[in-house]
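K.L.:
Once you've had a glance at the structure underneath, I'll fire off some questions.
The values are calculated or read from the model by the stated rules, or taken from the named source; none is laboratory data. As the structure is a prediction and not an experimental result, all values here were calculated from the model. Cβ sites come from the backbone with ideal geometry, for glycine too, and all protein chains shown count toward neighbours.
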Amino acid sequence: MNRYKPIGIFDSGVGGLTVVREVLNLLPEEDIVYLGDTARVPYGIRSPETVTRYAIENTEFLLSLGIKALVVACNTVSAIGLEELQKRVDIPVLGVLKPGARAAAARTRNRRVGVIGTETTILSSSYQRAINEIDPEIKVYGLACPLFVPLVEEGWTDGEVVKAIVSRYLEGLRHRDIDTLVLGCTHYPLLKGPIAEVCGEGVTLIDSAVETAATLKDVLLTEGLLRDDENSLSKRLFFVTDAPERFRRIGERFLGERIDQIEKVVIPYHEHEII
Ligand code: DGL
């Protein structure tokens, strides 16, 4: 396997750019191809069967571009479909859930952890399982916060209204006495400010995107896939399944930099269909 091939990253839409951002922070010399399945977003309210099918189709597309490793940036897919993907491909495949779970288990002192995410992620109890595999004594409290995704996409990430909504949701965890909270959704790192304010100083926030970038670096190193050159011209290619202009507008905020090249693609993918 060639270390100079790109890393493939996909998400249900624009949110996975929070993961791309952290990967580029840590591994700026790597080439990235990103797929946002904007035609079928949101995944977080769909059944496990449907999400898994979408994930397989997205993976097939990225594999056709010759990637050396796959990062599933979507928490919902990581929660329910990761093993299925790992079974099907022979390159390293990692999701955002296990890195987040590991970090939570390592940082909690009172062994009481909250996890917020989409409905499908929370219903799957996958974070709970992953954390309890590390330490069965940790109490894990899941909470779905479905309004956070549209809020962030609308660009509402601070102010009174946002704080009121965050506060209203997190009330569900108030009496759990947690000291650690996992931001178990691609979009939630953009709400870190109000979430931290509502939770107070005693609660450590775990950003799955940051943890995933660190895990990716370890995996690439172990597998001999880490680029070892300067690559000042590292390439970022972005593919979407719908509405590239909306992706650009919202995505630049998530990524923290300009997005120059976006191509629209039809998934399931057949070679002639990039349009
Ligand atoms: N990317 C999804 C996640 O991290 C959030 C958006 C969606 O529901 O598709 O769970």
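K.L.:
Take the residues in the range 187-222 that are at pLDDT 95 or above and among the hydroxyl-bearing types (S, T, Y), then tell me which one is nearest to the ligand (Cβ to nearest atom).
P.N.:
Across the range 187-222, the extreme among qualifying residues is Y188.
K.L.:
Also, I was wondering about something else. Of these, G44, G15, G66, which one is more than 10 Å from the ligand (Cβ to nearest atom), of a type outside the set (F, W, Y) and not in a helix (DSSP H, G or I)? Steps first, please.
P.N.:
Details: G44 fails: more than 10 Å from the ligand (Cβ to nearest atom); G15 fails: more than 10 Å from the ligand (Cβ to nearest atom).
One residue alone meets the criteria, G66.
K.L.:
Has the range 220-236 got at least one residue that is assigned to a strand (DSSP E or B), of a type outside the set (A, V, I, L, M) and crowded, with 16+ Cβ neighbours inside 10 Å?
P.N.:
The initial filter retains those residues of the range 220-236 that are assigned to a strand (DSSP E or B), namely 236.
Now drop any that are not of a type outside the set (A, V, I, L, M), which leaves 236.
Still in the list and also crowded, with 16+ Cβ neighbours inside 10 Å: 236.
Among the residues of the range 220-236, at least one is assigned to a strand (DSSP E or B), of a type outside the set (A, V, I, L, M) and crowded, with 16+ Cβ neighbours inside 10 Å, which makes the answer yes.
K.L.:
Just name the residue that is surrounded by the most Cβ atoms within 10 Å (Cβ to Cβ) out of those in the range 19-37 that are touching a Pro at 6+ places or on another chain (Cβ under 8 Å) and assigned to a loop (DSSP other than H, G, I, E, B). Show your work before the answer.
P.N.:
Our first condition is that a residue be touching a Pro at 6+ places or on another chain (Cβ under 8 Å); within the range 19-37, this holds for 30-33.
Then drop every residue that is not assigned to a loop (DSSP other than H, G, I, E, B), which leaves 30-31.
Values: E30: 25, D31: 18.
Checked the range 19-37; the qualifying residue surrounded by the most Cβ atoms within 10 Å (Cβ to Cβ) is E30.
K.L.:
Additional query: Would you mind telling me which numbered condition in (1) within 16 Å of the ligand (Cβ to nearest atom); (2) outside any helix (DSSP H, G or I); (3) over 19 Å from R107 (Cβ atoms) V182 fails?
P.N.:
V182 satisfies every listed condition except (3).
K.L.:
I would also like to ask the following. Any residue at all in the range 152-160 that's modelled with pLDDT under 95, in contact with a His (Cβ under 8 Å, 6 or more places away or on another chain) and within 12 Å of the ligand (Cβ to nearest atom)?
P.N.:
So far as the range 152-160 goes, yes, one or more of its residues are modelled with pLDDT under 95, in contact with a His (Cβ under 8 Å, 6 or more places away or on another chain) and within 12 Å of the ligand (Cβ to nearest atom).
K.L.:
Against the condition at pLDDT 95 or above, within 11 Å of the ligand (Cβ to nearest atom) and under 20 Å from F254 (Cβ atoms), how does V23 come out, does it pass?
P.N.:
Values: at pLDDT 95 or above: yes; within 11 Å of the ligand (Cβ to nearest atom): no; under 20 Å from F254 (Cβ atoms): yes.
No, not satisfied.
K.L.:
Tell me, yes or no, whether the range 101-119 has at least one residue that is over 29 Å from V219 (Cβ atoms) and either surrounded by fewer than 15 Cβ atoms within 10 Å (Cβ to Cβ) or away from the ligand (no atom under 16 Å from the Cβ) (or both).
P.N.:
Within the range 101-119, the first condition is being over 29 Å from V219 (Cβ atoms), and the residues that meet it are 110, 112, 119.
Filter once more, so that each one left must be either surrounded by fewer than 15 Cβ atoms within 10 Å (Cβ to Cβ) or away from the ligand (no atom under 16 Å from the Cβ) (or both): 110, 112.
Yes.
K.L.:
Considering S47, S78, S64, which residue is of a type in the set (S, T, N, Q) and under 19 Å from V265 (Cβ atoms)?
P.N.:
The match here is S64.
K.L.:
Also, I was wondering about something else. Could you tell me which numbered condition T50 fails, if it satisfies all but one of (1) surrounded by fewer than 24 Cβ atoms within 10 Å (Cβ to Cβ); (2) away from the ligand (no atom under 12 Å from the Cβ)?
P.N.:
Going through the list (1) surrounded by fewer than 24 Cβ atoms within 10 Å (Cβ to Cβ); (2) away from the ligand (no atom under 12 Å from the Cβ), T50 breaks only (2).
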